[in-house]
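Participant: Next up is a structure, given as structure tokens.
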């Protein structure tokens, strides 16, 4: 006897969710494809939403896979953590890019604020040097 399919796709009123190409050019499958995109755009690792939701990093990894979607009760909290709407996680609406600042950068800037004044000046000088270099690169290429 063959394997039974318990998906709701194809049943009237439950169409196949829209698919968007991922980085490899293949079409993603399931809700997992819609979870990793906003997480990466927000600059989050899998650990950060896991801690915010009080689950393990492995659970986030599973939720992002095509075979193990998150329980529906976690969707609102997951959406808040990623800074997107539940509709965006489900693929009903397109994900709006850059809705949440890069949390890694924010954490680092908070750490810089706690440094002694001399160390802060050095970090700021280093950042200014990188910004100036990138600005010059952009001016040369255009």
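Participant: Want the number for residue 86 to residue 67: 0.36 nm per residue separation, take away the alpha-carbon distance, what's left? Walk me through the numbers before you get to the answer.
Facilitator: Working: separation 19, 0.36 × 19 = 6.84 nm, distance 1.90 nm.
That works out to 4.9 nm of additional length.
Participant: Next question, about the same structure. Pop the C-beta distance of residue 139 and residue 56 into the FRET formula with R0 = 35 Å and round what comes out to the nearest 0.05. Don't skip to the answer; put the middle values down first.
Facilitator: On the way: r = 47 Å, r/R0 = 1.33.
So the FRET efficiency works out to roughly 0.15.
Participant: Using the 10 angstrom Cβ neighbour count as an exposure proxy, how do 114, 120 rank, fewest first?
Facilitator: Values: 114 8, 120 13.
Listing 114, 120 from fewest to most nearby Cβ atoms yields 114, 120.
Participant: Something else about it: Quick one: order 128, 87 by neighbouring beta-carbon count within 10 Å, fewest to most.
Facilitator: Numbers: 128 10, 87 13.
Fewest-to-most Cβ neighbours within 10 Å comes out as 128, 87.
Participant: Separation between the residue 123 and residue 74 pseudo-spin-labels, each 7 Å from Cα along Cα→Cβ, expressed in nm?
Facilitator: So the two model labels end up 3.3 nm from each other.
Readers should treat all values here as calculations from the given coordinates under stated rules, not as data from a laboratory. The structure presented is a predicted model; accordingly, all values stated were derived computationally and were not measured. So basically every Cβ, Gly included, is an ideal-geometry build from the backbone, and we count neighbours across all protein chains shown.
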